[in-house]
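Laboratory data are not the source of any read-out in this text; all were calculated from the coordinates shown. Here the structure is a predicted model, which means the values were calculated and not measured. All Cβ positions, even for glycine, are placed from backbone atoms using ideal geometry, and neighbour counts span all protein chains on display.
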Amino acid sequence: MEWVLYLISVLWIAIGCLLILYTEQTKAQSRDIIERVGRVPFAITAAVVGVLLMAAAFSGHNTAFVVLIGLVALAKGVVLFLNPGQLYEKSLAWWFEAASEQTYRFAGILILVLGTAILSWA
């Protein structure tokens, strides 16, 4: 299951780099993808990533942190699926209309650091 940690961490590193270096293009591409795919597939994807992280955490070095990240991803998937108070639509409206370029870059830095940490602990 160590390969799951490698796969997820490399994917997160790539997404973080894209958010930092190509902010506007990444914003436009992600908006197109989200509009095509919809809420439920993203909820299922987040939950599956969470379960995979929790299952693969025991093959890595920092099990507790990876399990915590997996629990957060699983919780995100459940919240997206249930969508209380139209939270999904409100979050997307904020992310695509109100968030500044610095917010995107900060999110990219966080994702890059998380991906690097998980990669180093795999």
So what J values fall out for the range 59-71 if you push phi through Karplus, 6.51 cos²θ - 1.76 cosθ + 1.60 with θ = phi - 60°, rounded to Hz, Gly and Pro as x? 8, x, 9, 10, 4, 4, 5, 5, 5, 4, 4, x, 5
The chain: relative contact order in percent, alpha carbon pairs under 8 Å with at least 6 residues between: 49
Using a Förster distance of 22 Å, the FRET efficiency for Glu101-Val37 (Cβ separation, nearest 0.05): 0.35
note: the range 9-75, Cα-Cα separations exceeding 17 Å make up a percent value of 55
When the Cα atoms of the range 54-122 are enclosed in a convex hull and the volume is divided per residue, what value in Å³ results? 82
Mean residue ellipticity (222 nm) of the chain, computed from DSSP H runs ≥ 4 via -39,500 (n - 2.57), nearest 500: -27500 deg cm²/dmol
Over all Cα pairs of the chain, how is the pair count split among 5 Å bins, expressed in % and running from 0 up to the last occupied bin? 2, 12, 18, 21, 22, 16, 8, 2, 0
